[in-house]
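Single-structure report; data block below.
Every number here is computed from the coordinates shown, using simple stated rules; none is lab data. Nothing here was measured: the structure is a model prediction, and the numbers come from that model. Ideal geometry is used to build each Cβ from the backbone, glycine not excepted, and the neighbour counts take in all protein chains shown.
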Amino acid sequence: MFYVQVKRIVKFIRRKVKEAGARGVVVGLSGGVDSAVVTALCKMALGKGVIALIMPESETSQEDVADAVEFAKKMKVRYYVVDFSRVYNEFKRAIPIFNEKALVANGNLKARIRMCILYYFANRKKLLVAGTGNRSELLMGYFTRYGDGGVDFLPIGGLYKTDVVKLARELGIPKKIIEKKPSPGLWKGQTAEGELGVEYGKLDEVLRRIEFRSDSEIAEEVGLSKARVRGIRKRIKLMKFKCEMPEVA
């Protein structure tokens with residue numbers, strides 16, 4: 001299963017790069033498991049045709065930065081550390097309604113600055129931007145539109161989060177990266193499961209059943225309340241627009 005999965009994704013990466021006439025890919029490497037898996041798969045597919053960007057700002061965990069640098073070195077991937085703290089601070093000064101307490105809006109701004117940096121490298125080096133989103137987060141709309149959602153293709157977009165973790169173990173991703181508490185790292189104390197309101201293990205079990213089972217059946221099988229399952233179903237419906245092109249009148 002592992003071999004088949006890796007072979008399929010590696011083939012997909014090569015096809016996307018070839019179709020675009022690109023020289024390779026650029027990946028945002030955060031120090032988390034998703035970006036580590038994508039970087040490893042791109043390295044397998046393209047060899048030297050991979051650039052990793054590590055993009056911290058003042059609130060970024062230094063442990064994450066160190067882990068990302070160490071992983072890039074281990075993979076022998078060319079990498080750049082681009083600290084965009086000054087850029088973000090200029091936005092803060094320029095936006096008249098900026099509010100330090102608006103965590104979501106400010107976090108989305110950071111994600112969109114990172115997207116701009118990725119695409120600058122992509123344009124200059126004739127690369128594609130390889131996204132790091134997984135199926136769980138795509139279905140739940142747990143990403144920033146035109147931020148980490150602004151990419152050219154999604155190598156692990158068909159894998160649920162728990163499947164990404166399994167794949168990471170098979171690929172030999174460092175244990176400390178795999179076992180980190182998932183977080184977009186957009187503000188201090190942020191955790192993915194805290195914002196989603198459910199741990200990934202339970203969430204993925206719901207998502208695997210959502211098209212074929214009723215809320216009551218899923219709740220009983222997975223061990224969540226019916227209200228929680230209903231909330232997940234509602235969120236999927238509400239967030240569907242984030243994966244679609246803007247509608248034309």
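Brief remarks follow.
- Extreme residue, farthest from residue 148 (Cα to Cα), among residues of segment 90-129 that are of a type in the set (Val, Ile, Thr) and in a helix (DSSP H, G or I): 104
- Residue within segment 44-53 that is out of contact with any strand residue (DSSP E or B) (no Cβ under 8 Å at 6 or more places or on another chain), farther than 19 Å from residue 182 by Cα and part of a helix (DSSP H, G or I) present: yes
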